[in-house]
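Notes follow once the structure below has been shown.
The values are calculated or read from the model by the stated rules, or taken from the named source; none is laboratory data. A quick note: this is a predicted structure, and the numbers were derived from the prediction, not measured. Don't worry about glycine lacking a Cβ; one is built from the backbone with ideal geometry, like all the others, and counts go over all protein chains shown. Just so you know, the surface numbers come from the protein's heavy atoms only, side chains and all, with ligands and any DNA or RNA stripped out. Shrake-Rupley method; radii C 1.70, N 1.55, O 1.52, S 1.80 Å.
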Amino acid sequence: VVVSKEEVNKAVNAYTETVKDKLIKDRYKFFGLFFAGAKNIPSLKWANGGDVKEAVDAKMLEVLGPKDERDVVVKKKKETKPEAKVETKVEETYSVLHVPDMFFEGELAKLHKPGGNPQIKPELMAAHLKATGAHNGICNLRFDDTNPEAEEERYFTSILEIVKWLGFTPHEVTYSSTHFQRLYELAVELIHKDKAYVCHCTGEEIQMHRGGPERGPRTACVHRDRPIKESLELFEKMKNGGFEEGKATLRMKMDLENGNPQFWDLVAYRVLKAHHHRTGSEWVIYPTYDYTHCLVDSFENITHSLCTVEFTQSRPSYYWLCDALEVYKPVQWEYGRLNITNTILSKRKIAELVKKGHVFDWDDPRLFTLPAIRRRGVPPQAINNFVHTLGVTKSDTVIEVSKLDAFVRDYLNETAPRLMGVFNPIKVVIENLPVGHEELLTVQNKPRDPSMGEHTVPFTREVWIDGSDFREVDDKDFFRLAPGKTVGLLNVPCPITCTKVVKDASGKVLELIARYEDAPGFKRPKTYIQWVAESPKHGSPVRVDEVRLFDRLFNHANPQDKREVPGGYLSDVNAQSLSIEKGALVEVGLWDIMDRWAKSSESKTDFEAMRFQLTRIGYFCVDKESDLGDFAGKTGVSLKDAVKKIVLNRTVSLQVSSTLKKQD
């Protein structure tokens, strides 16, 4: 691509008129921003930098004349000041003139201040600042619902719900479809300006005119230079349903010689005879994202339009359309995507995982969609802490999933109450306690942290222990319960010793007989294990229908590397990513957690908010497939009697590495 010096001079001359007031006011101090702005002119993207600087220097000399005393930078003498007063000039140092504008640098810390983004007409900025008040900005959540075939109300509801769950309430929820009439009127205006035309090329023909798969020379189609009046009539015909889908589009007349594909006469409108979730059948033509996005940003007086880096090439065309229609021009700012290892984030591939039964649905806790990790019990605060620590960059980032797990674990370690629970339970009968023995033990919700509160659990003659905490054949490296061996029961004053193993005819262990070691001076045991009492009057144990233990969905960090393998990324699916424990038992503290949730939850659908640690096992939450019956916080209804089904999801395991922070 060759940009001549004449073209450079012409473009710089035009740009000078948009910033002339600022140039005259700040004189040669304005050089940095003036030069950067000139380099960012879309038509000069491929121009020689030396030519641009030469044109800028010449224009400044023409407008300002030679440098004089006003342009002399006076250096202050260095003063000896106390250390504490060195920073008195910080605010001045970071004034608008000294910080590169975010237009050109793209750094989040340097986003432009109100009024800092040049407009094709100064009055556009004046109107914008009057409408916004310049400061105390707001943030909208907008749905670009321009494709009726892809939009469903449930998707918008889900997005808004998850945004609020993360802790953000939009100032306003808006829709691009609200502006369909205004967008149409501007498209007509674009045709009047000879900057849009109706085209009848097929998708394949458009691709060939753009150079085809071989990336050959670009050519204009036969419709590009049709008369303005003809395009106006044909566009009206499109609007009135006179064309079938695929037979006509409205394309923007941009710059086919520009090296940026986003200037190759993008489609602005297409025919889609489909029902729209908000406008019904009112329209049969719909604007594209490329046409809609910048204009609705302008309508809403957006100052910074944020998007991911794959839209970087779209920025010049975003500005082109605003300037072509002479409307207020916001700034588009791009940031890098945050990716996680051992997962897939592509919508198409997730849909394939769901269709082929590898996962339940889009909110399967093994996925990393926001609804999925929410269902797994990941707290929104942990996600926000994780992202805040990483910061915002222009580069795509890939983070090991274990690092996210660490943030989740740290947050839950501080906030989740502790409960005792057992998998593959084995009954233990404590023979030297009387039948009907009952004690109510007070247990802290978090050890050594009274601020977390406490709850009570019954201790009776019969208790259940975790199947993994007993071995019939002892081992010197095994410190839990075995015949003749002593262990402590968490929160119980005295330990127990296994005295007998009761089996059925097949040799399966039915129950253990133990002795309560309450004699004075009995040696403190090396190990304590969790347990759950058998006490129907207290609703103990809480019987859990399913405990779902989730592991990585893919075996390798980057499943995409399997694209050359038969089956592609699907060949990397971990067949052991889900295991289900049946018959688990949990202590009565779970009733307290469920009761608090039922009384405080507004929606009664955020089951995942019932989070807790099962001591020595991991962090868990209640899954939405649980059935609380008619309870839901109703007065006079017993929670223990109402609950019909309990399903738990493991959010994250406990930390097993001795080099990392201990989990209480």
Would you pick out the residues in segment 410-432 that are closer than 17 Å to Y619 by Cβ, touching a residue at least 60 places away in the same chain (Cβ under 8 Å), open to solvent by 20 Å² or more (accessible area, probe 1.4 Å) and of a type in the set (D, E, K, R)?
-> D410
Note down all Cβ pairs under 7 Å where the first residue falls in segment 286-306 and is closer than 14 Å to D145 by Cα, the second is of a type in the set (K, R), and they're at least six residues apart or on different chains.
-> Y286/R270; T288/R270; V296/R142
Output the residue which, of all residues in segment 377-411 that are of a type in the set (A, V, I, L, M, F, W, C) and outside any helix (DSSP H, G or I), is modelled with the lowest pLDDT.
-> V392
The lone condition F620 fails out of (1) open to solvent by less than 60 Å² (accessible area, probe 1.4 Å); (2) in contact with a helix residue (DSSP H, G or I) (Cβ under 9 Å, 6 or more places away or on another chain); (3) not in a helix (DSSP H, G or I) is (2)
Identify, please: which residue in segment 565-580 is part of a loop (DSSP other than H, G, I, E, B) and open to solvent by 10 Å² or more (accessible area, probe 1.4 Å) and is, among those, farthest from E352 (Cα to Cα)?
-> Q576
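In the list T202, T178, T219, which residue meets the criterion of being among the hydroxyl-bearing types (S, T, Y) and under 17 Å from D297 (Cβ atoms)?
Sole residue among the options that is among the hydroxyl-bearing types (S, T, Y) and under 17 Å from D297 (Cβ atoms): T178.
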Output yes when any residue across segment 174-197 is crowded, with 16+ Cβ neighbours inside 10 Å, under 34 Å from the mean Cα position of the chain (by Cα) and not in a helix (DSSP H, G or I), and no when none is.
-> yes
Top-ranked residue in segment 274-298 [being of a type outside the set (S, T, Y) and at pLDDT below 95; ranked as surrounded by the fewest Cβ atoms within 10 Å (Cβ to Cβ)] = G280
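Is it true that some residue in segment 128-135 is of a type in the set (A, V, I, L, M, F, W, C), surrounded by fewer than 18 Cβ atoms within 10 Å (Cβ to Cβ) and modelled with pLDDT of 80 or more? Quick ask: steps written out before the conclusion?
Kept after step one, since they are of a type in the set (A, V, I, L, M, F, W, C), are these residues of segment 128-135: 129, 131, 134.
If we keep only those that are surrounded by fewer than 18 Cβ atoms within 10 Å (Cβ to Cβ) as well, we get 129, 131, 134.
Narrowing further to those that are modelled with pLDDT of 80 or more: 129, 131.
The answer is yes, given that some residue of segment 128-135 is of a type in the set (A, V, I, L, M, F, W, C), surrounded by fewer than 18 Cβ atoms within 10 Å (Cβ to Cβ) and modelled with pLDDT of 80 or more.
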Of all the residues that make up segment 311-333, how many are among the charged types (D, E, K, R) and either at positive phi or out of contact with any Asp or Glu (no Cβ under 8 Å at 6 or more places or on another chain) (or both)?
-> 2
For segment 581-599, enumerate the residues that are out of contact with any His (no Cβ under 8 Å at 6 or more places or on another chain), outside any loop (DSSP other than H, G, I, E, B) and open to solvent by 40 Å² or more (accessible area, probe 1.4 Å).
-> E581, D595, R596, K599
